[in-house]
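Everything below concerns the one structure shown next.
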Amino acid sequence: MKRMNRQSPIAKIMRPRLAGILPRVRLFGLLDRGCRFPVIWVNGPAGSGKTTLVASWLDAKKIPCLWYHLDEGDSDIATFFYYLGLAARRAAPRHKTPLPLLTAEYLRGLPTFTKRYFEKLCSRLRPPHVIVLDNYHHLAGDSPFHDMLRDALTVIPEGITVIINSRGFPPPSLALLNTYKKIHAISWDELKFNLTETGSLLKADRKTELSSETVERLHRLTEGWAAGLTLLRERIGRPTGSSHELHRLKPDEFFDYFATELFQKADEGTQNVLLKTAFLPHVSSNLAAKLTGNAQAGTLLATLSRNHFFTEQRPGPDPIYQYHPLFQAFLQARAKQIYAGTEIHALLHRAAVLLEEAGQVEDAVEQYRLSEEWDGLVRIILSNTQTMMSQGRHRLIEAWLNSLPASMIEQDPWLMYWMGVCRMPFDLLEGRKHFENAFVLFRERHLASGVFLAWAGVVESFIQELDVSQMESWIALLDALMKECPSFPSPEIEGHVTVRIFIALSMSMPWHPAFYAWRDKAIEFPDSSADATLRMLCGFYLLIHLLVIGNPPLCERVMSTMRVITASNKHVSPLAYKVGKFAESWLAWTTCSYDRAMKMMDEGLQMSKESGVHLWDYLLLMMGVVSSMMSGDIRRSRELLGQMAYALESGRPLDKFYYYWLASWHSMLNKDLHGAISLSSTGLALVRKVGILGGEARGLLVHAHYLHMAGKYKEAKEHIAKCRALGQKIKSFIAIFYCELKASAIAFTEGDDKKGLKFLRNAMSLGCEKGYAAFNFPLWQKEELSHLCVKALEAGIEPDFVMEMIRKRNLVPETPPLHVENWPWRVKIFTLGRFEIIGDGKPLHFTGKVQKKPLEMLKVLISFGSKDVGEERISDALWPDADGDTARLSFKTTLHRLRQLMGNEEFIQVKEGRISLDRHTCWVDVWAFETLAEHVESLRREIESAGQIPSLHNPKTEKYVHLLEKAVAMYHSHYLGNESDRPWAASFKERLKNKSLHIVTLLGDYWTKQQPARPQSAMTKAIECYQRGIEIDDVAEEFYQKLMICYGKLGRKTEVAKVYKLCRDTLIASLGVEPSQETNEIYRNIIKL
């Protein structure tokens, strides 16, 4: 049995061949004028000469054309596009890339697909060019073809004309084109032969003249009807009925009247050929000979065509002939009068067999249906369905299947299976039902191939529904099937099963004992030679699984494979392309590359616009919403979220979950916590219902966040516990990582720093091990994560990993953590004791005079407070003697050079003539020092107001001492070192020195007060503090005094004497004065003891 032969001549896309046709110059002029319009509609009854007119005009004008004969089968639009693609290949053979097929993924965007298809088609046709759609009247009034054609005709470019031949007027769907005058109509009144044309037709090829009276009488008789004139032309000279009698006949009766007379004059052989070929839509010379048993059948048909007797020829090595509908109807009616029903049945069956053998399976199907030879129809269906499905022709196969007796489908598992495949794009539940029934039949008959394919079909229906809650029984069934049939019937079937079982297990049962074996197969599958779209889908679900469990290296490996698939397939389908873009977008969001995620979303949606494939648009929009929210573009996220709202009415449960998940975050950002909790609760219920575990984990974490913010700590911790348990069950280390982070944040909020640090240490240790520095899982507020990073750095928890996390996630707390020196600041500036700039972790080296002034400007800016410093104030400090214009020009030039030196304009901000260093990207040691000093004072007041006794056993005191020690260590030398004598630096230097002396005093005094409990160690620490004070200010007597007292308490009088001597010598040398009376008394009192 031959399959459908795509290479054999296809009658419906072959242009009619004409010879000896009377040129209708009058109508040619109408067609010429019509070419100024995109569409010409030629309207007239059967036999009015529409096809002949257009074909002869094209021949006369030598205009190339693409000819398409429409029939009832074109109501299946996928069939129309399939054959139109073949016609385009014939019309423009230089284009090797085929036009797209209307496969299932295009169905939701048919208008877009249609427009893009016709744009591509027209771009291949060299103007002037004509597309002829012949026999439009064969399409039913409710056919979707009409709306499709409306969309197609809106994109016809100049130089291309579409001519439509029809017995009727344009359908209502084309009314708008009429309104905008895009259609040029040639009506039946215009098609009619006028008297002159009638005379020319009747007199053509005649040796004897016809009188004007005869011509006029025949013209009145036929009313210019081409078919009637053709018949009369054959009949001229023979007796006919009276004119009065003929005038009473309707056109079809008129035709039958004369056709009967002419048929009866033909010999028996000719009649036999005509009657036996009458039931075929078209017939080739060879087929006619085989069907009729008459070797001259082809010659007879050629003669009929040559004589213009209602037989149209389409050229080729084996010419194809088609009877005019009026003539074919006459012959069929005649055959039914002559042949018995059994003879017609046998004739139809014989024709079907011959058509099938010739590879003309679609024509053969009709003959099998008419003859009710179901075995032949089943044979064709089973042999050709897979090919036709790949062409998107589900509706046609479904129609073939529905023409079979229902009992045949119910008893044949393959027919049932293919019915499921046909219904899947349109009704998942109905498709699943057919797969389930087929599965039972296959299993009863031990047909392994069918069993596995039907199983895969059932599971695919659940996957497309994004509802895996009912898949457990089917997963168990596969376990049993693998025991019954340990090896797959073919690699193709193995691929189908592997992809579906991996997706099913990864979504709902990743703890299944066979999961990792299936996962290993799935990892290998994208590298196979299977269908690119299936490999892309497998890669995508692999990626989603790896993102859910948190495996960055394997994620990148899978994504790389997907990129290779799209790059190596020149004609990769739009769906596969979009799957790749969605995968790229999700991975980019996960790895905190929000701009890239948005770019991938835009490219995926652009493909939707270009191709009409809108599957996965919702998921692409989802990535756009989450990425824009995480990058801070709330306006864009709101806009994209609005485009997702349609899912609330028509979406799947998981679609609705993601909408609620994102909408709840939007509410939270808008300070509507109550709304966020409500939306999140709704979403959680939905995702639990469908059993998607990764989605549930995300939902639990986000809901816990809202509860935390609302002060519902107990409930928040309950949700964290549930998510942690789920993460452990599915081995999602990324979920556990975020659970530990959230638990840490809650503990810190509750004031339990010990527990907070414990959870934080768990999280950062796991994150460091798994590589989660930039790996999102739930939505997360940057401010909270920044706060946790500050805590981690303060506590020395995984500092390298934490700094990497800060850099990659671009974390910047609302209040810059100036006291955390190892925060990975973009720029760090050291001014205490030295001047040095560190950019992105590397010292910046400056040489030459040209750098001096910009650096001096930076020092002036810091000395004047670093924030909102007026331009004039800086200019006065740097160019005190310059006039106004010169100073302004120097300022502008120097500022530009300073920004260049620092590598980024954002570090130095200018607004309304005021200059600031950006505190979110820059760190200056004096900022950190002053911040520490403020924290010290705040904490000191807090301790004193609470009446607490300073003790290291008190957490607040412990923190207080820690801050003091950190501040003392930070101020290791004076501001700007040797440059601090500049006038613009003096005031700031003095302020910093005084603060440092105050801090040293506080720390030394604290240790002095600890002396009774810890005499030796406390005094030693106090002595170190006061010595540091003397290093800072060697004429500050207070520190000499305190130092002598400390040594005195330790009984070290020799050291007391040395301190006193140092004090006296320094004061005399520096100030020319003796020590104060208080200093002398302290010294004498200690020495006397």
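The values are calculated or read from the model by the stated rules, or taken from the named source; none is laboratory data. Everything numeric in this text was worked out from a predicted model, so none of it was measured. Backbone-built Cβ (ideal geometry, glycine too); neighbour counts: all protein chains shown.
Is it true that Pro816 is modelled with pLDDT under 90 and crowded, with 17+ Cβ neighbours inside 10 Å? Yes. In contact with a Ser or Thr (Cβ under 7 Å, 6 or more places away or on another chain), buried (at least 21 other Cβ atoms within 10 Å of the Cβ) and not in a loop (DSSP other than H, G, I, E, B), is that true of His545? When the stated conditions are applied, His545 passes them.
Restricting to the range 264-279, what's the tally of residues that are in contact with a Leu (Cβ under 9 Å, 6 or more places away or on another chain), surrounded by fewer than 24 Cβ atoms within 10 Å (Cβ to Cβ) and under 16 Å from Leu347 (Cβ atoms)? Adding up the residues that qualify gives 3.
For the residues Pro486, Pro425, the requirement of being surrounded by fewer than 20 Cβ atoms within 10 Å (Cβ to Cβ) and more than 29 Å from Glu696 (Cα to Cα) singles out Pro486. Residue count for the range 442-473 satisfying the condition of being surrounded by fewer than 21 Cβ atoms within 10 Å (Cβ to Cβ), free of Cβ contacts under 8 Å to residues at least 40 places away in the same chain and in contact with a helix residue (DSSP H, G or I) (Cβ under 8 Å, 6 or more places away or on another chain): 5.
How many of the residues making up the range 687-710 are aliphatic (A, V, I, L, M), under 24 Å from Lys671 (Cα atoms) and in a helix (DSSP H, G or I)? Number of matching residues: 7.
Do we have Gly392 as crowded, with 21+ Cβ neighbours inside 10 Å, farther than 19 Å from Ala278 by Cβ and among the small types (Gly, Ala, Ser) here? When the stated conditions are applied, Gly392 passes them. With respect to the conditions (1) among the small types (Gly, Ala, Ser); (2) over 19 Å from Gly44 (Cα atoms); (3) crowded, with 16+ Cβ neighbours inside 10 Å, Ala185 falls short on a single one, namely (2).
Return a yes/no flag: does the range 1006-1016 have any residue that is buried (at least 21 other Cβ atoms within 10 Å of the Cβ) and either within 21 Å of Val820 (Cα to Cα) or within 60 Å of the chain's Cα centre (by Cα) (or both). Within the range 1006-1016 (the criterion being buried (at least 21 other Cβ atoms within 10 Å of the Cβ) and either within 21 Å of Val820 (Cα to Cα) or within 60 Å of the chain's Cα centre (by Cα) (or both)), the answer is no, since none of the residues qualifies. What about Arg1052, is it modelled with pLDDT of 90 or more, of a type outside the set (Val, Ile, Thr) and within 25 Å of Ser996 (Cα to Cα)? For Arg1052, the condition - modelled with pLDDT of 90 or more, of a type outside the set (Val, Ile, Thr) and within 25 Å of Ser996 (Cα to Cα) - is not met.
Of all the listed residues (Lys609, Lys599, Lys581), the sole one being of a type in the set (Lys, Arg) and in contact (Cβ under 8 Å) with a residue 60 or more places away in the chain is Lys609. Scanning the range 376-417 for residues that are in contact with a helix residue (DSSP H, G or I) (Cβ under 7 Å, 6 or more places away or on another chain) and of a type in the set (S, T, N, Q), which turns out nearest to Pro100 (Cα to Cα)? Restricting to residues being in contact with a helix residue (DSSP H, G or I) (Cβ under 7 Å, 6 or more places away or on another chain) and of a type in the set (S, T, N, Q), the top hit is Gln391.
Close Cβ contacts (under 7 Å, 6 or more residues apart or on different chains) running from residues in the range 929-955 that are modelled with pLDDT of 90 or more to residues that are among the polar types (S, T, N, Q) and surrounded by 10 or more Cβ atoms within 10 Å (Cβ to Cβ) are absent. Close contacts from the range 11-25, counting a first residue that is touching a residue at least 12 places away in the same chain (Cβ under 8 Å) and a second that is basic (Lys, Arg), with Cβ to Cβ under 8 Å and a gap of 6+ residues or different chains, come to Ala11/Arg314; Ile13/Arg90; Met14/Arg314; Arg15/Arg314; Pro16/Arg314; Arg17/Arg314; Ala19/Arg306; Gly20/Arg306.
For the range 574-618, give me the residue count where each residue is out of contact with any Lys or Arg (no Cβ under 7 Å at 6 or more places or on another chain) and assigned to a loop (DSSP other than H, G, I, E, B). Final tally of qualifying residues: 2. Listed by position, the helices (runs of 4 or more DSSP H) inside the range 719-810 whose residues that are modelled with pLDDT of 95 or more and in contact with a His (Cβ under 9 Å, 6 or more places away or on another chain) number at least 3 are 733-749.
Give the range 366-389 a look and list any residue that's out of contact with any Asp or Glu (no Cβ under 8 Å at 6 or more places or on another chain), aliphatic (A, V, I, L, M) and either buried (at least 21 other Cβ atoms within 10 Å of the Cβ) or more than 27 Å from Ala532 (Cα to Cα) (or both), or say none. Leu370, Leu377, Ile381, Met388 - these are the residues of the range 366-389 that are out of contact with any Asp or Glu (no Cβ under 8 Å at 6 or more places or on another chain), aliphatic (A, V, I, L, M) and either buried (at least 21 other Cβ atoms within 10 Å of the Cβ) or more than 27 Å from Ala532 (Cα to Cα) (or both).
Elements of the type helices (runs of 4 or more DSSP H) sitting completely within the range 987-1080 and holding at least 3 residues that are closer than 30 Å to Leu861 by Cα: these cover 1015-1032. Remark: Ile1030 matches the filter, which requires a residue to be in the same structural domain as Val968 (by TED's automatic domain parsing), buried (at least 19 other Cβ atoms within 10 Å of the Cβ), out of contact with any strand residue (DSSP E or B) (no Cβ under 8 Å at 6 or more places or on another chain) and among the aliphatic types (A, V, I, L, M). Pairs are defined by a Cβ separation below 9 Å, a sequence spacing of at least 6 or placement on different chains, a first member in the range 639-663 that is assigned to a loop (DSSP other than H, G, I, E, B), and a second member that is hydrophobic (A, V, I, L, M, F, W, C); the pairs so defined are Ala645/Ala663; Gly651/Met644; Arg652/Leu466; Arg652/Val690. Within the range 282-306, restricting attention to residues that are within 23 Å of Ala259 (Cβ to Cβ) and in contact (Cβ under 8 Å) with a residue 40 or more places away in the chain, the residue that is nearest to the chain's Cα centre (by Cα) is His282.
Among helices (runs of 4 or more DSSP H) entirely within the range 10-98, having at least 3 residues that are in contact with an Asp or Glu (Cβ under 8 Å, 6 or more places away or on another chain) and either farther than 28 Å from Ser285 by Cα or among the acidic types (Asp, Glu) (or both) singles out 25-34.
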